[in-house]
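**Q** Here's a structure for you.
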Amino acid sequence: MQNDTPMRERRDRQKKKFIETLEAQGTVLHAAKAAGISRWTAYRWRDNDLEFANQWDQALENAVDVVENSLYQKAVSGDTICMIFYLKAHRPIYRDRLNIDIEQVRGEIEERLAEELLGREHRKRFVAAINWEPD
């Protein structure tokens, strides 16, 4: 049986470098390149090593915090677009709202399905059948 300690030490150094770079630069591509590994290897490690996966998640959270702080600094210095993004992220009242009428959407979907599946000549029969109610 071979001594895999040098390989394990190398892998541990690569994992450490990956996590450090992920936190500093925020992308898997840059972190993998800095660690000298493929993205596939990084994702495999993530799948097979819970501690590494947790460090990965924390590194990304820290990277996002840095960006969020930068956004905040620009917002308080008067950048209107940054103000909007920051408020939308932190205050629901400023978020875009979308109201959807489910019944209208359902009706439109049924009509399109009828046109696609049955052709226009069968559309009326299909719509009548789905709206049919037994006595």
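The values are calculated or read from the model by the stated rules, or taken from the named source; none is laboratory data. Remember, it's a predicted structure, so these values are computed and weren't measured experimentally. Here the Cβ is made from the backbone with ideal geometry for all residues, glycine too, and neighbour counts use every protein chain on show.
**Q** Just for region 33-62: of the residues that are in a helix (DSSP H, G or I) and polar (S, T, N, Q), which one is surrounded by the most Cβ atoms within 10 Å (Cβ to Cβ)?
**A** Result: GLN55.
**Q** Moving on to the next point. If you go through region 98-119 one residue at a time, do you hit one that is farther than 30 Å from ILE130 by Cβ, without any contact (Cβ under 8 Å) to a residue 40 or more places away in the chain and not β-branched (Val, Ile, Thr)?
**A** Scanning region 98-119, I find no residue that is farther than 30 Å from ILE130 by Cβ, without any contact (Cβ under 8 Å) to a residue 40 or more places away in the chain and not β-branched (Val, Ile, Thr), so the answer is no.
**Q** Considering region 1-30 alone, what residues qualify as being hydrophobic (A, V, I, L, M, F, W, C) and closer than 25 Å to ASN62 by Cα?
**A** Correct list: PHE18, ILE19, LEU22, ALA24, VAL28, LEU29.
**Q** Just to be sure, is LYS88 assigned by TED's automatic domain parsing to the domain that holds ARG11 and modelled with pLDDT under 95?
**A** Here the answer is yes, as LYS88 does meet what is asked.
**Q** With among the small types (Gly, Ala, Ser), within 30 Å of ASP96 (Cα to Cα) and in contact with a Phe, Trp or Tyr (Cβ under 8 Å, 6 or more places away or on another chain) as the only criterion, which of ALA35, ALA75 stands out?
**A** The conditions single out ALA75.
**Q** Take region 35-79 and flag every residue that is hydroxyl-bearing (Ser, Thr, Tyr) and either farther than 15 Å from GLN25 by Cβ or touching a residue at least 40 places away in the same chain (Cβ under 8 Å) (or both).
**A** Matches in region 35-79: SER38, THR41, TYR43, TYR72, SER77.
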